[in-house]
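Peer 1: For reference, the structure I am asking about is given below.
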Amino acid sequence: MQAEADIYDPLEGNYKTRIKIDTPIPIKFNVHYKGSIPVKTMAEINDTTALVLPHLPKMPLKLQVPLEFNLPFDMVIPVNTTLRFAYEGPIMLGFDQNTLTRLNTVLHTQTPLNHTMQVPLLTSFNVRVYPEPKPLGMVLDTHLHQPIHQLQISRNGN
């Protein structure tokens with residue numbers, strides 16, 4: 001039996017479910033950093049005595065002077081990398097939409113027609129059955145809209 005139907009189903013509410021995800025996430029952005037860096041260093045000075053005492057004769061002078069200061073800077077740093085995102089656990093999913101599902105499947109069935117069946121009918125539908133000594137091939141051709149208004153079963157032309 002071939003069954004094809006469109007099923008419209010409203011999906012609303014919050015649903016608790018579990019998720020397992022392990023995926024790389026590319027990130028690309030700029031970081032604007034403004035601050036200062038503390039600097040402690042020694043400066044080598046190669047000059048003459050005229051640097052310190054200009055009225056003395058010039059003689060070579062070699063000194064190491066300690067320097068300690070904060071170096072201010074303002075910098076934009078580009079970030080372009082990939083982060084690994086891994087999570088396994090519960091999450092809440094929220095939905096407020098109508099979903100359309102196309103149902104197209106083949107159901108291989110065989111129903112003996114010499115049995116008594118009691119089936120509650122929830123809606124009306126037309127049925128034509130042409131029994132044969134072998135199992136019937138049937139095509140269910142309908143468009144189902146919730147609630148179901150009509151169900152039609154017809155004999156397969158093959």
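Peer 1: Long-range amide H contacts for residue 61: which residues qualify at under 5 Å (H placed 1.01 Å from N, peptide plane, sequence gap of 5 or more or a different chain)?
Peer 2: 47, 48, 49
Peer 1: Now for a separate question. For residue 40, list the lysines whose Cα falls under 27 Å from its own Cα; do not include residues on the same chain fewer than 8 positions away.
Peer 2: 62
Peer 1: Using 7 Å Cα-to-Cβ label points, what is the residue 50/residue 65 separation (nm, one decimal)?
Peer 2: Between residue 50 and residue 65, the label points sit 1.7 nm apart.
Peer 1: Taking the Cβ of residue 22 as the centre, find all other residues whose Cβ is under 12 Å away and add up their charges (Lys, Arg: +1; Asp, Glu: -1).
Peer 2: Net local charge, residue 22 excluded: +1.
All of the numbers you see were taken from the coordinates with simple rules; none came from a lab. This structure is a prediction, so every number in the text was calculated from the model and none was measured. Here Cβ is always computed from backbone atoms with ideal geometry, including for glycine, and neighbour counts include all displayed protein chains.
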